[in-house]
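Engineer: Sharing a structure here in structure tokens format.
The values are calculated or read from the model by the stated rules, or taken from the named source; none is laboratory data. All values derive from a computational prediction rather than experimental measurement. Don't worry about glycine lacking a Cβ; one is built from the backbone with ideal geometry, like all the others, and counts go over all protein chains shown.
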2 protein chains.
Amino acid sequence: MTTQSDTREALLERFRVESITEGALRAIARKGAAATMQDIADESSIAKGTLYLYFKDRDELLHRVSEAALAQLLAKIEDVFSRKLTFEETIRELVLTKLRFFDERRDLYRVHFELRFPGGRDPLCDSRASVPPPERQMYVDRLTRYFQEVLENKEEAPRLALFLSETVAALLIRRIPETSGPKLEDDAHFLSDLLLNGLSGRRKKS
Amino acid sequence: MTTQSDTREALLERFRVESITEGALRAIARKGAAATMQDIADESSIAKGTLYLYFKDRDELLHRVSEAALAQLLAKIEDVFSRKLTFEETIRELVLTKLRFFDERRDLYRVHFELRFPGGRDPLCDSRASVPPPERQMYVDRLTRYFQEVLENKEEAPRLALFLSETVAALLIRRIPETSGPKLEDDAHFLSDLLLNGLSGRRKKS
DNA sequence: TTGTGATATGACCGCCGGGTCATTAAAATG
DNA sequence: CATTTTAATGACCCGGCGGTCATATCACAA
């Protein structure tokens, strides 16, 4: 085993892992969290047993998939931050970016959403829930950091991050299944306004 | 079979159904959506087979439980509406009411939340998702109706309702697992302000 | 070409959970 | 109390899934 062959094999392995991850993605996009190891194997054009050569078990595989899906979103989000827009602009862009991202890649949305709570059918409920979300949390954490930088009251940052995150998610829940609906930009605009200015302005003139 | 005996049996049956429903509630509060028919039977002090005398199958049972849980919340919400408060007051009360309700009855929250998407592991994904949510939708619908009455732009009502609903849910996600945290009233106040006035006011003075 | 180690395979296992049904217990009836 | 009708039970069946492992296939070296 030379170092070079190590690298080679490592590369091959990485390729395999990625290919399986993509297969899993497709499987989950189709069947949601109910996707079977067999489903994933089929979708990866691979035998079920092979999956276990590259992943310890189902949990680890799903974990990886979720991670991979999120990474792409995080990259786009990071891009928004790097543009150093005003606060309002940033919010608008964040909303639009996430909406667009998942609108184009509904498969990723399915993953993001269905794996929201990892174990799914976990009996380790009550007490252990203090380590609640998976790497999805990374997204919320990133928002939190931004708010901490930019807000008067740093204490509120986590709540605001969650608020923003869940709020966009709410819109997506509506958008994804429906075939027709408001144009994406309209939804984004609507939500941004709401987030920024609140409900008060919307009361009937009366 | 006289009419009276019919009534009698019907009453007994209703009692049985209710008792099972409560058992199921406890089971789900413990184990979440992973709760087994056996779990439910145990929690109801009843044999598993008996469940099937009163419910067609697992789906129907969970459906009922979800319905029952929601009914209690809807009653409280209706109460808020009947008080004919101002718009702002209504929003604040809606937030507070839902937050309080689930804070006291975390078991119901678990049901409400975990059964959010009924089938759970349903393979009838993509296409049929146009009939997406369960009777939980009733809650959002009720909010929608309110917004339609009270808002300038009726078209926005469904989106606003969803927005309000998901937003409170987001806070609950945080609150429920955590043992300590901001006081309930603080959270409610925070969220209401946010909903009503938006993020804009929160930017750092700078 | 043949031998050898690495990789892939899918039949198989054990378990679990939904749902059934012959049997048993209880209640109603006379 | 005997009999019949109704309700409850839990052992059992079956399908499905996560995970394993003896076997087959492949890649490459000699």
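Engineer: What tally of residues in region B:72-89 results from selecting those that are of a type in the set (V, I, T) and surrounded by 13 or more Cβ atoms within 10 Å (Cβ to Cβ)? Before you say what the answer is, go through the steps one by one.
Structural biologist: Restricting attention to region B:72-89, the residues satisfying the condition of being of a type in the set (V, I, T) are B:77, B:80, B:86.
From what's left, surrounded by 13 or more Cβ atoms within 10 Å (Cβ to Cβ): B:77, B:80.
Total meeting the criteria: 2.
Engineer: Then there is this: Give me a count of the residues in region B:187-206 that are part of a helix (DSSP H, G or I) and modelled with pLDDT of 80 or more.
Structural biologist: Looking only at that region, the number is 11.
Engineer: Does at least one position in region B:37-48 carry a residue that is more than 12 Å from DNA strand C (Cβ to nearest atom) and within 30 Å of B:L164 (Cβ to Cβ)?
Structural biologist: There is no residue in region B:37-48 that is more than 12 Å from DNA strand C (Cβ to nearest atom) and within 30 Å of B:L164 (Cβ to Cβ).
Engineer: Filtering region B:154-181 down to residues that are farther than 16 Å from B:L195 by Cβ and at pLDDT 85 or above, which residue is surrounded by the most Cβ atoms within 10 Å (Cβ to Cβ)?
Structural biologist: B:P158
Engineer: Which residues, taken from region B:5-32, are in contact (Cβ under 8 Å) with a residue 40 or more places away in the chain and surrounded by 19 or more Cβ atoms within 10 Å (Cβ to Cβ)?
Structural biologist: B:I20, B:T21, B:A24, B:L25, B:I28, B:A29, B:G32
Engineer: Just one of A:L151, A:L184 is surrounded by fewer than 18 Cβ atoms within 10 Å (Cβ to Cβ), over 21 Å from the mean Cα position of the chain (by Cα) and modelled with pLDDT of 70 or more; which is it?
Structural biologist: Unique residue meeting the criteria: A:L151.
Engineer: Could you check B:L115 against (1) at pLDDT 90 or above; (2) over 29 Å from A:K183 (Cα atoms); (3) of a type outside the set (V, I, T) and say which number it fails?
Structural biologist: B:L115 satisfies all of (1) at pLDDT 90 or above; (2) over 29 Å from A:K183 (Cα atoms); (3) of a type outside the set (V, I, T) except (1).
Engineer: Further, regarding this structure: Restricting attention to helices (runs of 4 or more DSSP H) lying wholly within region B:1-115, give those where 1 or more residues are within 13 Å of DNA strand D (Cβ to nearest atom), among the basic types (K, R) and more than 18 Å from B:R136 (Cα to Cα).
Structural biologist: By residue number, B:3-31, B:48-54.
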